[in-house]
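Notes to accompany the following structure.
Every number in this text was worked out from the coordinates using simple rules, so none of it is lab data. Not measured: the values here are computed from a predicted model. With ideal geometry, Cβ positions are generated from the backbone for all residues, glycine too; neighbour counts draw on all protein chains shown.
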Amino acid sequence: MLRSFIAIELKDKETIEKINTFSQRLKQNQPKIKIVEPENLHITMKFLGNIPEPLAPKIYAILQKEINEKLFQGKTLKYHLKGVGQFNRFSVLWIKLIGNIQFLQNIKDSTEDFLFDKLKIERDKRTKFKPHLTIGRLKKGKINYKTFDTLKNLINENRDLEFGDFNINQVKLKKSQLTPKGPIYSDLVY
């Protein structure tokens, strides 16, 4: 079995550096926060979970032919990362993606449709694409409540902080290997 997901990777070096600088500020406030490593920054289009290994090349072929070739058509779309937010009482910290979100919704919908129609992979329960880049996770049991109000203020004060460009030209099939130090992501290519 392969633990896998479909994602759009962040490759813009200046943007990654700005995110890393801000993430370190979060880490200073909440030492037990799990910051997403710079090389792992991505937007998840679909989490697949554990899939049988023989299924991976079929998923890869669908993504290449139906999504990357037909929908992206060799184009690079320009997006922007701006503003910090949180989900689930600060358990997930993220940056908002700004740009042609409808195009990404079409990518998500098409991916879901092709995977279901051709491989019977269930569609996500959430159908609306929420454009965000997760930068950190904070488990409730690891919160430092002495500085938690400062963390909340840090998030609220940076709702308009500019992080930079996020250029998108393809989706990738990724493998996630869980380790005690955090996940290691790698491309699945066939």
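Considering only the range 65-74, I want to know if a residue exists there that is of a type in the set (Asp, Glu) and within 17 Å of the chain's Cα centre (by Cα). Scanning the range 65-74 turns up no residue that is of a type in the set (Asp, Glu) and within 17 Å of the chain's Cα centre (by Cα).
Looking at the range 112-190, the strands (runs of 3 or more DSSP E) lying wholly inside it that each contain 3 or more residues that are surrounded by 17 or more Cβ atoms within 10 Å (Cβ to Cβ) and not charged (D, E, K, R) sit at 132-137, 162-168.
Which of the residues belonging to the range 60-98 are part of a loop (DSSP other than H, G, I, E, B), farther than 30 Å from Tyr190 by Cα and touching a residue at least 40 places away in the same chain (Cβ under 8 Å)? Residues satisfying the conditions are Arg89, Phe90, Ser91. Within the range 118-140, residues that are more than 14 Å from His42 (Cβ to Cβ) reach partners that are among the small types (Gly, Ala, Ser) and surrounded by fewer than 16 Cβ atoms within 10 Å (Cβ to Cβ) with beta carbons closer than 6 Å, at six or more positions or on different chains, in the pairs Leu138/Ser91. Picking from residues in the range 141-183 that are of a type outside the set (Asp, Glu) and free of Cβ contacts under 8 Å to residues at least 12 places away in the same chain, the one that is nearest to Lys58 (Cα to Cα) is Thr179. Within the range 2-24, identify whether any single residue is touching an Asp or Glu at 6+ places or on another chain (Cβ under 9 Å), free of Cβ contacts under 8 Å to residues at least 12 places away in the same chain, among the hydrophobic types (A, V, I, L, M, F, W, C) and over 20 Å from Asn169 (Cα atoms), and answer yes or no. Scanning the range 2-24 turns up no residue that is touching an Asp or Glu at 6+ places or on another chain (Cβ under 9 Å), free of Cβ contacts under 8 Å to residues at least 12 places away in the same chain, among the hydrophobic types (A, V, I, L, M, F, W, C) and over 20 Å from Asn169 (Cα atoms). Please go through the range 83-108 and give me each residue that is of a type outside the set (Gly, Ala, Ser) and over 15 Å from the mean Cα position of the chain (by Cα), ordered by number. Matches in the range 83-108: Asn88, Arg89, Phe90, Asn100, Gln102, Phe103, Asn106.
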